[in-house]
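The values are calculated or read from the model by the stated rules, or taken from the named source; none is laboratory data. If you're wondering where the values come from, they're calculated on a predicted model, not measured in any experiment. Methodologically, a virtual Cβ is constructed for each residue, glycine included, from the backbone with ideal geometry; neighbour enumeration extends over all protein chains shown. Side chains are part of the model used for accessible areas, which takes the heavy atoms of the whole protein and leaves out ligands, DNA and RNA. Shrake-Rupley method; radii C 1.70, N 1.55, O 1.52, S 1.80 Å.
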Amino acid sequence: MTTAALPDTHPPNPKSYWKRNQQRLAPWLFLAPGIAMFVLYVIAPIFQSISISFYAWDGLGEAEYIGIANYVELMDDEDFYTSLKNNVIWLVLYMLALPAGLFVALFLNQTVRGIRIYKSLFFFPFVISQVVVGLVFSWFYDPSFGLFNIVTGWFGADPIAILADERYVTYGIIAAGLWPQTAYCMILYLTGLNAVDPEQIEAARLDNAKGFKMLWYVVLPQLKPATFIAVVVTVIGALRSFDLISIMTDGGPYGTSSVLAFYMYEQAFSEYGFRMGYGAAIAVVLFAIMMIYIAFFLWKMYRDERGG
Amino acid sequence: MFKRTKTLVATIAATTILAGSAWAAGELIINTDTSDPAPKKAFEDVIAGFEAEYPDIEVTWNLFDHEGYKTSIRNFLTADAPDLANWYAGNRMLPYVNAGLFEPIDDVWEENGLNESLASAKGSMTIDGKVWGVPYTYYQWGIYYRKDIFEEQGIDVPKTWDDFIAAGETLKAAGITPITIGTKYLWTAGGVFDYLNLRTNGYDFHMALTKGEVAWTDDRVKATMANWKQLLDADFFIENHAAYSWQEALAPMVQGDAAMYVMGNFAVAPLREAGLTDDQLGFMQFPIINPDVPVAEEAPTDTIHLTANGKNKENAKKFLAYLARADVQTQINETLGQLPIHKDSTVGDDKFLQAGYEMLSNTDGGIAQFFDRDAPAEMAKAGMEGFQEFMVKPDRLDKILERLEKVRARIN
């Protein structure tokens, strides 16, 4: 007579905690391994580095607490400023990879016979190791038999030892770095171009848009996600530039091509370094610079998401 | 977290050793960076000889590549120490001595009469009055030169600074750069500085300077640099040397575009491989600058050390005693193409070895290790960078010396 006879399809609360919260807990369980690794290998070392930067430590004996002495010394260290200046040059010039990558992507985004081969050829520098890129460019710049000086020689110029001249060395290395970085940006833009809406292009055509206007007002806005990623990876790539410098010049001549990442390595781990505290202080400064960028981009992303 | 990993590694190491001892009476673990062909062969022979003499000791030999060794030695000495590790004499071993990672072996020296037979190297092996290893080889530095070019140009081997400058002028007039050098990795410039300073101010001053007891802005340092500047102003060195490694800088000499190289004896092998015969290649002592200064030379010593955390100390000491023997040192240096330390060893009949042996035996002014082994690591780096900058921009001398003085003040 009452509902009691009906089978109860929604059993009430007295169930296990797991069953009740499965939906809420599952994502965290899936995330757990990743979070654990991230905390262990990314977050914890950040705090460890910050704490080491207050010590004088050679990595072997007892660490001696010296407060902010490492930072005070940094303020008065010419090599640090050289590295900082070079980092800024890297940041600015590395951005050239974006327009270059976009240009190559637009160029390759057509249906021609064998286009895949051309795409692979342009992508090739990103696949080979930075060490190889560094070596190839070292030979390219070699003052006695390098291609660069042979070519400038045709125009009657005297050979320039790019990698041994403090005026050119940083630019020479950046040029080498731009080669693979352009390829990276190109691949990002190529995938972005695949996602461009053909109907919008069609519509723009009907409105008589073409050439640069088409690119600027119709295509580029749709490439915004690709541009965003490209900027992020290029900024990070510029700030952590290390391998090319190590291979091509070893920071030289007399430290003029060093950047913060390389200087940090040199002070902390290289043959003549082993000043862990000082190296950590440099790393903290580099980290602070990166934080400015990361915070800016997070803020921008947050704003865009809300605005959209 | 790190500590736990360390225990884990130690446990694994311990179990391996236990397992090993089940079938071999004794174990001995040696780590070296002698990965180039000749040094590798030399160590193979030494270990084979040792095992033949002590059949109950099982030797495990871990071979590292040269560059990797410099960073890994710090790790393995603390975490998973071998019984013996090779390294260098002088200031280079100081950090490990201070950190208590090497063990003094005065007893080995005492029992085997090494105080007498290895006396020439004892100074560079002693820290705090204790001996910290066994030296097994060294090699001379000096000037390697193109004998045929010198003969063509009618140049006699220069003995004095004036002769040297004159020889350089003759070479330049013939379109040949007097000296080749590649300073990309800095240390080559350290060698040139060492010789100029040893010849200008002598061994004692050089040691005091590298130890950090003298200011870099001292007038005597400036005198050394003035001599160097004389060479730079006269364009004695090849152009763009900062772009080359020392091996790359061999090329101009092989091609006959440059005539001299201030180098260690290890340069002979690649020069011969590149096609220079012994008739074309000569060796000479760095010319005398100040005749009042006793002549000192540069001869870096390679050594083997007993680690503090190794487990087979007795076997390790047997090996050290074996390595210190005259016949063993003769044999190992025959293969290495370098000079033995033991006074009763015989030197290989190679022309350059004989010349180096003769030169070093008659050196009464003292024997330096090398700039980066005599000076503390940080000072070495700053110093050699300064030398490279000076070679490119001689006008910045005062600024460079001030910077070096700042580094010296901080280290001491």
Which value, in Å² rounded to 10, gives the accessible area of B:Ile181 with a 1.4 Å probe and all protein chains present? 0 Å²
Cross-link reach list, aspartates and glutamates versus B:Lys406, counting only Cα pairs under 15 Å and skipping chain neighbours closer than eight places: A:Glu73, A:Asp76, A:Asp77, A:Glu78, A:Asp79, B:Glu213, B:Asp218, B:Glu378, B:Glu385, B:Asp398
Just the accessible area for A:Ile35, please: 1.4 Å probe, Å², rounded to the nearest 10? 70 Å²
Distance between region B:23-56 and region A:185-224 - C-alpha centres, whole angstrom: 68 Å
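Before rounding to the nearest 500, sum -39500 (n - 2.57) across all DSSP H runs of length at least 4 in chain A and divide by the residue total; then give [θ] at 222 nm in deg cm²/dmol.
About -21000 deg cm²/dmol.
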Using alpha carbon centers only, region A:72-137 is separated from region B:362-412 by a whole-angstrom value of 36 Å
Taking a ≥ b ≥ c as the square roots of the Cα gyration tensor eigenvalues, with a/c under 1.5 meaning rounded and otherwise prolate when a/b beats b/c, else oblate, which class fits region B:256-412? oblate
Taking only DSSP H segments of four or more residues, each worth -39500 (n - 2.57), what value at 222 nm results for chain B once the sum is divided by all its residues, to the nearest 500 deg cm²/dmol? -15000 deg cm²/dmol
Quantify how strongly other chains surround peptide A:52-61 by giving the mean number of their Cβ atoms within 10 Å of each of its Cβ atoms. 3
At what distance in nm do the modelled label points of A:Phe212 and A:Val112 sit from each other, each positioned 7 Å from its Cα along Cα→Cβ? 2.3 nm
For chain B, share of DSSP beta bridges that run antiparallel, in % to the nearest 5: 60 percent
With Cα springs under 10 Å, the Gaussian network model of chain B assigns the largest mean-square fluctuation among B:Pro270, B:Pro340, B:Pro252 to B:Pro270
Net charge near B:Ser345 (other residues with Cβ under 12 Å of its Cβ; Lys, Arg +1; Asp, Glu -1) is -1
Got the relative contact order for chain B handy, in percent, Cα pairs under 8 Å and 6 or more residues apart? 27 percent
With a ≥ b ≥ c from the Cα gyration tensor eigenvalues, square-rooted, and the rule rounded for a/c under 1.5, otherwise prolate when a/b > b/c and oblate otherwise, region A:74-307 is oblate
Over the heavy atoms of B:Tyr357, what accessible area does a 1.4 Å probe trace out, to the nearest 10 Å²? 80 Å²
Arranged from highest to lowest average of other beta-carbon atoms within 10 Å per residue, in what order do the peptides A:148-159, B:284-295 appear? B:284-295, A:148-159
Give me the distance in nm between label points sitting 7 Å out from Cα along the Cα-to-Cβ direction at B:Glu405 and B:Leu94, one decimal. 2.1 nm
Of B:Lys159/B:Lys399; B:Lys159/B:Lys184; B:Lys229/B:Lys393, pairs whose Cα-Cα distance is over 22 Å: B:Lys159/B:Lys399; B:Lys159/B:Lys184
With the 1.4 Å probe rolled over protein heavy atoms, the protein assembly as shown has an accessible area per residue in Å² of 49 Å²
Specify which residue in the list B:Met260, A:Val284, B:Ala121 is farthest towards the positive end of the charge dipole of the protein assembly as shown, using unit charges on the beta carbon of Lys, Arg (+1) and Asp, Glu (-1), about the Cα centre. A:Val284
For region A:74-307, with only Lys/Arg (+1) and Asp/Glu (-1) charged at the beta-carbon, what is the dipole magnitude about the Cα centre, in debye rounded to 20? 1000 debye
Rounded to the nearest percent, how much of the accessible area of chain A (1.4 Å probe, protein heavy atoms only) is carbon and sulfur? 68 percent
Which of the lysines could be linked to B:Lys351 by a straight reach, that is with a Cα gap under 16 Å, when you skip same-chain ones fewer than 8 residues away? B:Lys147
Whichever lysines have a C-alpha closer than 18 Å to that of B:Lys40, once near sequence neighbours (fewer than 8 apart) are set aside: B:Lys70
If a paramagnetic tag sat 7 Å from the Cα of B:His66 along the Cα-Cβ line, which residues of region B:188-210 would have the backbone N under 16 Å from that point? B:188-191
With x for Gly and Pro, the residue-by-residue ³J(HN,Hα) of region A:127-138, computed from phi through the Karplus equation 6.51 cos²θ - 1.76 cosθ + 1.60 at θ = phi - 60° and given in whole Hz, is 7, 6, 5, 4, 4, 5, 4, x, 5, 4, 6, 4
Relative to the isolated chain, which residues of region A:240-271 have their accessible area cut by 10 Å² or more in the presence of all protein chains (1.4 Å probe, heavy atoms, no ligands or nucleic acids)? A:Ile247, A:Met248, A:Thr249, A:Asp250, A:Pro253, A:Tyr254, A:Gly255, A:Glu266, A:Phe269, A:Glu271
So, over other residues within a Cβ distance under 14 Å of B:Pro300, counting Lys, Arg +1 and Asp, Glu -1, the net charge is -4
Could you go through region A:293-304 in sequence order and give the Karplus-derived ³J(HN,Hα) for each residue, using 6.51 cos²θ - 1.76 cosθ + 1.60 with θ = phi - 60°, rounded to whole Hz, and x for Gly and Pro? 5, 4, 4, 4, 6, 4, 4, 5, 4, 4, 5, 4
For peptide B:373-384, the mean count of other chain Cβ atoms within 10 Å per residue Cβ is 3
For the charge dipole of region A:173-279, defined by +1 on Lys and Arg C-beta atoms and -1 on Asp and Glu C-beta atoms about the Cα centroid, which residue among A:Met248, A:Ser270, A:Met186 has the Cα displaced farthest towards the positive pole? A:Met186
Per residue of region A:194-204, in order, report the coupling 6.51 cos²θ - 1.76 cosθ + 1.60 (Karplus, θ = phi - 60°) as ³J(HN,Hα) in whole Hz, putting x for Gly and Pro. 4, 8, 5, 6, x, 5, 5, 4, 4, 4, 5
Test assert for region B:72-95: residues whose accessible surface shrinks by at least 40 Å² between chain alone and all chains, 1.4 Å probe, equal B:Arg74
Would you rank B:Thr137, B:Thr78, B:Thr346 by solvent-accessible area, highest first, keeping every protein chain in place and using a 1.4 Å probe? B:Thr346, B:Thr78, B:Thr137
Taking only pairs that are 8 or more places apart or on different chains, how many Lys pairs in chain A have Cα atoms under 22 angstrom apart? 4
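Between A:Leu220 and A:Tyr293, what is the FRET efficiency for a Förster distance of 25 Å, r being their Cβ-Cβ separation, to the nearest 0.05? Don't skip to the end; give the middle numbers.
On the way: r = 22 Å, r/R0 = 0.88.
According to the calculation, E is roughly 0.70.
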Exposure ranking of B:Trp228, A:Trp57, B:Trp246 by accessible area [1.4 Å probe, largest first]: A:Trp57, B:Trp246, B:Trp228
Within 12 Å, Cβ to Cβ, of B:Ala368, how many net charges do the neighbouring residues add up to if Lys/Arg are +1 and Asp/Glu are -1? -3
Pop a pseudo-label 7 angstrom from the Cα along the beta-carbon direction at both A:Ala32 and A:Phe103 and give the gap in nm to one decimal. 5.3 nm
Rounded, prolate or oblate: which fits the protein assembly as shown, taking a ≥ b ≥ c as square roots of the Cα gyration tensor eigenvalues, rounded meaning a/c under 1.5, else prolate when a/b beats b/c? oblate
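For chain B, what is the charge dipole size about the Cα centre, in debye to the nearest 20, if Lys and Arg each add +1 at the Cβ and Asp and Glu each add -1 at the Cβ?
Dipole size: approximately 1560 debye.
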Just name one of A:Gly114, A:Ile201, A:Tyr141: the one whose Cα is farthest towards the positive end of the charge dipole of chain A (beta-carbon charges, Lys/Arg +1, Asp/Glu -1). A:Ile201
Descending packing, highest mean Cβ count within 10 Å first, for A:237-245, B:271-279, B:391-399 is A:237-245, B:391-399, B:271-279
Run the dipole for region B:103-246 about the Cα centre, Lys and Arg Cβ at +1, Asp and Glu Cβ at -1, nothing else charged, and hand back the magnitude in debye, nearest 20. 460 debye
Quick tally, 1.4 Å probe accessible area for A:Lys19, B:Lys351, A:Lys210, sorted with the most first, runs A:Lys210, A:Lys19, B:Lys351
If one takes the accessible area of chain B alone plus chain A alone and subtracts that of the pair, with a 1.4 Å probe, what total in Å², rounded to the nearest 100, results? 2600 Å²
